[in-house]
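Report on the structure given below.
Readers should treat all values here as calculations from the given coordinates under stated rules, not as data from a laboratory. Everything quoted here is computed from the prediction, not taken from an experiment. Cβ placement follows ideal geometry from the backbone for every residue including glycine, while neighbour counts extend to all protein chains displayed.
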C-alpha cells in the first residue's frame, strides 16, 4: 500500500508541475511585460506587471518542483514525457486564452507528440 501512495504522490507532483509550467507561460504572456531593469545613481530598479510576476513565480516554482521530480523518475522517461505534455497543453492554452490559430503542422506535431507519449507508456511484457 505504501508503494501505491508513493506512486500517487509522484503523479500528483507531475500534475502540479505541468499546471505551474503552463500557467507560468500563459501568465507571462498575458502580462505582456518582460520587465524593465534600470540602474540610476547606484540604485537598481526592476519593474514588472503583477500578472507577469505571477507567471514568473509559477514558472520558478515549476522549475524547483521539477528538480525534485527528476530525482524521482528515470530522466530518459520523465524529460520527454513532461516536455511533450507541456508542449501540447501550451498549444491548447494558447488557442483558448489568446485565440491563436492552429496550423496544420501544429496539429500534426501535437498528434505525433501524443502518439509518442502513448508509445512510451505501453508496457511490453518481457519474454
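What do you get for Rg/Rh over the chain if you use C-alpha atoms and the Kirkwood form of Rh? Can you show the working numbers first?
Numbers: Rg = 18.5 Å, Rh = 17.0 Å.
Answer for the chain: 1.09.
Helix 75-98 versus the longest principal axis of the chain: what angle, 0 to 90°, nearest 10, using Cα atoms?
It works out to around 60 degrees.
Quickly work out the residue 61-to-residue 111 label distance, labels modelled 7 Å from Cα along the C-beta direction, and quote it in nm with one decimal.
My value for the distance between the label points is 3.6 nm.
Rank by packing, highest mean first: peptides 14-20, 64-70, with packing defined as the count of other Cβ atoms within 10 Å averaged across residues. Numbers along the way, then the final one.
Numbers: 14-20: 16.7, 64-70: 13.7.
Put in order of decreasing packing, that is 14-20, 64-70.
Any chance you could give the angle, 0 to 90 degrees and rounded to 10, that helix 2-31 forms with the longest Cα principal axis of the chain?
Its long axis makes an angle of about 30 degrees.
Between residue 81 and residue 103, what is the label-point separation in nm under the 7 Å Cα-to-beta-carbon projection?
Roughly 3.1 nm, to one decimal.
Taking Cα atoms, how many degrees apart are the long axis of helix 50-72 and the longest axis of the chain, rounded to 10 and kept between 0 and 90?
Approximately 30 degrees, to the nearest 10.
Given an 8 Å cut-off on Cα distances and at least 6 residues of separation, report the relative contact order of the chain as a percent.
This gives 25 percent for the chain.
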